[in-house]
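This report refers to the structure that appears directly beneath it.
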Amino acid sequence: MAALQTAVSVWQYIFPRSFYDDFPTVSLDPPYNEHLITDIGGLGLALTAMLYFAAWVLDSKVVLSAVIGYLIYAATHFTFHVRHFDHFSLRDAVAVGTGLGIEVVLALVLLCVGWRVHRTESLSVPGSEAGLNRSVSDRGPA
């Protein structure tokens, strides 16, 4: 997820006009707006940084946070597109819907796996059954 998000976000941020002109189906949206595309690219880069950081530290809470953020992005993006296929060919609609749907399913699978790992970790530490509900003072020194 992080590699794909990096490629798309860098393209949006560094080459917004190229993204608008060359990415399949984007030109079917309303007219080009550099500010909008670069802002979206910047947000995508922020999400990318979170995904890479989560993959690097492999702390279940960090992973869950990053995957939840990605799931929200992927689900809202998917929802927009499946509601706006008016000008798409059947082939493009199926391709876009399938690709974006796979992103949502992948995020859901990773969320389930991450949650299971987190629960297992929480249960293996005495007194930590609450898991995510521990306060900062309960965690000890940083």
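The values are calculated or read from the model by the stated rules, or taken from the named source; none is laboratory data. Model, not experiment: these values are computed from the prediction. All Cβ positions, glycine included, derive from the backbone under ideal geometry; neighbour counts span all protein chains shown. Ligands, DNA and RNA are stripped out before the accessible areas are found, and what is left, the full protein with its side chains, is counted by its heavy atoms. Shrake-Rupley method; radii C 1.70, N 1.55, O 1.52, S 1.80 Å.
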Practice item. Quick one: grab the alpha carbon gyration tensor of segment 28-81, order the square roots of its eigenvalues as a ≥ b ≥ c, and give me rounded if a/c is under 1.5, else prolate or oblate depending on whether a/b is larger than b/c. Key: oblate
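Tell me whether segment 68-107 comes out rounded, prolate or oblate; compute the Cα gyration tensor, take square roots of the eigenvalues as a ≥ b ≥ c, and use a/c under 1.5 as the rounded threshold.
Oblate.
Where in the chain are the helices, taken as whole DSSP H runs, whose Cα atoms extend 24 angstrom or more along the long axis and whose Kyte-Doolittle mean reaches at least 1.0?
On the way: long enough: 34-57 (34 Å, 1.21); 60-82 (32 Å, 1.22); 90-124 (50 Å, 1.02).
Qualifying helices, which must be both long enough and hydrophobic enough, are 34-57, 60-82, 90-124.
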Check your understanding: Quick one: accessible area per residue over the chain, 1.4 Å probe, rounded to a whole number of Å²?
Key -> 64
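Taking all protein chains as present, what is the carbon and sulfur share of the accessible area of the chain, in % to the nearest whole number, probe 1.4 Å?
Ligands and nucleic acids excluded, carbon and sulfur reach 68 percent.
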Review point. If you take the charge dipole of the chain about its Cα centre, with +1 on Lys and Arg Cβ and -1 on Asp and Glu Cβ, which of 43, 54, 94 is farthest toward its positive end?
Key: 54
Study note, to complete from the structure: Between residue 72 and residue 4, the two model label points (7 Å from Cα along the beta-carbon direction) sit apart by a distance in nm of 2.0
Exercise for review: Pull out a ≥ b ≥ c, the square roots of the eigenvalues of the alpha-carbon gyration tensor of the chain, then state rounded if a/c is under 1.5, prolate if not and a/b is larger than b/c, and oblate in the remaining case.
Suggested key: prolate
Check your understanding: Just from its helices, what would the mean residue ellipticity at 222 nm be for the chain, if runs of 4 or more DSSP H residues each count -39500 (n - 2.57) and the sum is divided by every residue, rounded to the nearest 500 deg cm²/dmol?
Key -> -25000 deg cm²/dmol
